[in-house]
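The values are calculated or read from the model by the stated rules, or taken from the named source; none is laboratory data. Keep in mind that this is a model prediction, so the values were computed, not measured. Positions of Cβ are backbone-derived with ideal geometry, glycine not excepted, and every protein chain shown enters the neighbour counts. Accessible surface areas use protein heavy atoms only, side chains included; no ligands, DNA or RNA. Shrake-Rupley method; radii C 1.70, N 1.55, O 1.52, S 1.80 Å.
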2 protein chains.
Amino acid sequence: MAVVRQPTRAGVRDAAAKVARILPPTPLFTARIGGVDVALKAESLQPVGAFKIRGAWHRLTALDDAARAKGVVAFSSGNHAQGVAWAAKRLGIAATIVMPADAPATKRDGTLALGAEVVSFDRATEDRVQIARSLAEARGATLVPSFDDAWVIEGQGSAGVEAAAQMAAAGLGPVTRIVAPCGGGGLAAGLALALPDAGVTVVEPEGWDDMRRSLEAGWIEPVGDDAPPTACDALQTQRVSPLTFDVLSRRGAEGVAVSEAETAAAQRWAAERLRLVIEPGGAVALAALLAGKVRPESGTLAILSGGNVDLAAYATVLRGG
Amino acid sequence: MAVVRQPTRAGVRDAAAKVARILPPTPLFTARIGGVDVALKAESLQPVGAFKIRGAWHRLTALDDAARAKGVVAFSSGNHAQGVAWAAKRLGIAATIVMPADAPATKRDGTLALGAEVVSFDRATEDRVQIARSLAEARGATLVPSFDDAWVIEGQGSAGVEAAAQMAAAGLGPVTRIVAPCGGGGLAAGLALALPDAGVTVVEPEGWDDMRRSLEAGWIEPVGDDAPPTACDALQTQRVSPLTFDVLSRRGAEGVAVSEAETAAAQRWAAERLRLVIEPGGAVALAALLAGKVRPESGTLAILSGGNVDLAAYATVLRGG
């Protein structure tokens, strides 16, 4: 069995340098929450509307010419799909994306618009990992996982390098606490590697808080069969990866779960106060702070990780206040 | 009678330098519209949610200590109010804002949160200019008009200096055409001064296109008594100012009017494609481009001028697609 490459801080720095050459830093907002100025990084304003563009870029640029010629395959509910499609288009690589049939139309359309081939699957009856693996094998293409990959994790961590520089420039001091949405844990693990002196809190929807339970247990626990429906399509990961779990576990990261109502309230807050469209999964870190489930402290950095919404569903959230 | 100070390009450059010392540049997005890459400047992401912070800062910093001690008075439907309140708070100046009683709650709350005193008036029966003038006279305070003032116009123009630098850095070339929302014309006139080689198109809601008619007539024409209701509260100006009209008229600026439906479509487009909350009045320039009323050309710069929405009304717009 091949040795699995582990993500490293040096890799995050390399990723940050590569990302900085093609993408301007996403805006960093400051907001007073719980009497403290909290830094909020708007990864929703990336060209594909999510931080996933970072990991995809770091991964795809690491492929050699032979691998690039054979294309890439990814499975994703949408944001990773668009990140891979964006990077592939820019590098002239063919991309095939395996997406659930019930993915938000915006994410599907965005992926198609970037020139990727989309293969649909039924979330209830089919295994996307298996479909993607079969496709990749048949074509000799490279599988680009959405979080279970050292390059992808390092790439997502570039957001932390960027945010630390912005916070220093804004006089907000060093990052003392990272608060990040968590699906498979790629973003949180990357940030943890990027910022070795900061505390790490991952935030998940209630019932989908498998990373929280895993960190408490000391081993990986999957999402339960009784997980309730959640609007956070980007965070519906059944099982985290040893790569992300190990990084977070060794750092003593802790997890917090937020309710659907808390997430919706955070989306409304972001629309009204920051004038940003944030998708449910992208708003959970902010939700945890606003709900008092994470105590804001000086040097807190929260990630607004994505902004790809279904307009009708988003309108319902905005009316719900 | 005192000679009215005229806005100048040198004043705009001075304003841009002053603004750059306290506010980071607002993000510039690129979007493919009509086969051309158009630059969209998100002034909605200013701390108060609109470009008005620029003019307010340039005006208030120009006051001497004696004037600062007596405070400032402004009349505004909301965005200028928040801009003046923000600048006044930062400079330790007392601010009184005369606002219509039907101004969006967000704008009123934002103004109060910035420590300003708010005086309400009835848009139908009272004259806000008269109320503001009386208040200013009684207190010896300085009246800060929302557009009829050289400093305010110069301040708004700083957005053009900023955008030109961003477009050059992004390889988008020089600005060939400015497309700007127009209420009293302060933003458009400031941009025209900032970018002397660009064509200028101002965009107004249908029926409120008094600047368009004025530019065609060669003299200032007010809004007609039969102007229909508009969601663009920020652009409901009854009469433009000689200061803004003269700048735009001499530059051969032209006007375009957009429908409420076109404006709403642009708000939806901005939410879905840019993940930005844009208020109706802030979306009219984008609406003109998307509706084909302004032909996009290489070097086009459109301003997304504000993002302060009433959430319920905004949700209705998002559902309307």
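When residues of region A:153-184 are filtered for being over 21 Å from A:Ala87 (Cα atoms), at pLDDT 95 or above and not hydrophobic (A, V, I, L, M, F, W, C), how many remain?
First pass over region A:153-184, keeping only residues over 21 Å from A:Ala87 (Cα atoms): A:163-183.
With the extra rule that they be at pLDDT 95 or above, the set shrinks to A:163-168, A:174-183.
Pick out the ones that are also not hydrophobic (A, V, I, L, M, F, W, C) and you get A:166, A:174, A:176-177, A:181, A:183.
Adding up the residues that qualify gives 6.
Looking at A:Ala313, A:Ala257, which one is over 15 Å from the mean Cα position of the chain (by Cα) and within 14 Å of chain B (Cβ to nearest Cβ)?
Details: A:Ala257 fails: within 14 Å of chain B (Cβ to nearest Cβ).
Only one candidate passes the filter, namely A:Ala313.
So, B:Pro205, is that one touching a residue at least 60 places away in the same chain (Cβ under 8 Å) and surrounded by fewer than 21 Cβ atoms within 10 Å (Cβ to Cβ) or not? Don't jump to the end; show me each part of the working.
Working: touching a residue at least 60 places away in the same chain (Cβ under 8 Å): yes; surrounded by fewer than 21 Cβ atoms within 10 Å (Cβ to Cβ): no.
Judged against the criteria, B:Pro205 is not a match.
I'm trying to understand the selection: among the residues of region B:237-278, which are out of contact with any Pro (no Cβ under 6 Å at 6 or more places or on another chain), closer than 19 Å to B:Leu289 by Cα and hydroxyl-bearing (Ser, Thr, Tyr)? First the steps, then the outcome.
Within region B:237-278, the subset out of contact with any Pro (no Cβ under 6 Å at 6 or more places or on another chain) is B:237, B:240-262, B:264-278.
Filter once more, so that each one left must be closer than 19 Å to B:Leu289 by Cα: B:253-262, B:264-278.
Result: B:Ser259, single match.
Taking strands (runs of 3 or more DSSP E) that do not extend beyond region B:20-139, which have at least 1 residues that are in the same structural domain as B:Ser158 (by TED's automatic domain parsing), more than 22 Å from B:Asp310 (Cβ to Cβ) and of a type in the set (Lys, Arg)? Even if it seems obvious, please write down each step before you answer.
Details: elements: B:28-33, B:36-42, B:72-75, B:95-100, B:117-121.
The qualifying strands (runs of 3 or more DSSP E) are B:28-33, B:36-42.
What number of residues within region B:293-304 are open to solvent by 10 Å² or more (accessible area, probe 1.4 Å) and within 12 Å of chain A (Cβ to nearest Cβ)?
Of the residues in that region, 0 qualify.
Quick one: which residue in B:Thr237, B:Thr244 is modelled with pLDDT of 95 or more and surrounded by 15 or more Cβ atoms within 10 Å (Cβ to Cβ)?
Of B:Thr237, B:Thr244, the one residue that is modelled with pLDDT of 95 or more and surrounded by 15 or more Cβ atoms within 10 Å (Cβ to Cβ) is B:Thr244.
Could you count how many residues in region B:253-272 are under 14 Å from A:Arg275 (Cα atoms) and not aliphatic (A, V, I, L, M)?
Keep residues of region B:253-272 that are under 14 Å from A:Arg275 (Cα atoms), which gives B:267-268, B:270-272.
Within this subset, residues satisfying the condition of being not aliphatic (A, V, I, L, M) are B:267-268, B:272.
Residues flagged as under 14 Å from A:Arg275 (Cα atoms) and not aliphatic (A, V, I, L, M) within region B:253-272 amount to 3.
With (1) of a type outside the set (D, E, K, R); (2) within 14 Å of another protein chain (Cβ to nearest Cβ); (3) out of contact with any strand residue (DSSP E or B) (no Cβ under 9 Å at 6 or more places or on another chain) as the list, and A:Ala266 as the residue in question, which single condition is left unmet?
Result: A:Ala266 passes all but (3).
Working only within region A:1-38, note down all residues that are touching a strand residue (DSSP E or B) at 6+ places or on another chain (Cβ under 8 Å) and among the charged types (D, E, K, R).
A:Arg32, A:Asp37
Give region A:70-90 a look and list any residue that's farther than 24 Å from A:Arg123 by Cβ and open to solvent by 10 Å² or more (accessible area, probe 1.4 Å), or say none.
Matches in region A:70-90: A:Lys70, A:Lys89, A:Arg90.
Which residue, of A:Val19, A:Val12, A:Val48, is over 18 Å from A:Val161 (Cβ atoms) and either more than 15 Å from the chain's Cα centre (by Cα) or buried (at least 24 other Cβ atoms within 10 Å of the Cβ) (or both)? Even if it seems obvious, please write down each step before you answer.
Numbers: A:Val19 fails: over 18 Å from A:Val161 (Cβ atoms); A:Val12 fails: over 18 Å from A:Val161 (Cβ atoms).
After applying the criteria, what remains is A:Val48.
Looking at (1) out of contact with any helix residue (DSSP H, G or I) (no Cβ under 7 Å at 6 or more places or on another chain); (2) crowded, with 17+ Cβ neighbours inside 10 Å, can you tell me which one B:Ala67 breaks?
If we test B:Ala67 against (1) out of contact with any helix residue (DSSP H, G or I) (no Cβ under 7 Å at 6 or more places or on another chain); (2) crowded, with 17+ Cβ neighbours inside 10 Å, just (2) comes out false.
Could you list, in sequence order, the residues of region B:250-269 that are surrounded by fewer than 20 Cβ atoms within 10 Å (Cβ to Cβ) and among the polar types (S, T, N, Q)?
The answer is B:Ser259, and nothing else.
What number of residues within region A:270-292 satisfy the criterion of being open to solvent by 10 Å² or more (accessible area, probe 1.4 Å), farther than 20 Å from A:Ala170 by Cβ and at the interface with chain B (Cβ under 8 Å from one of its Cβ atoms)?
The qualifying residues number 1.
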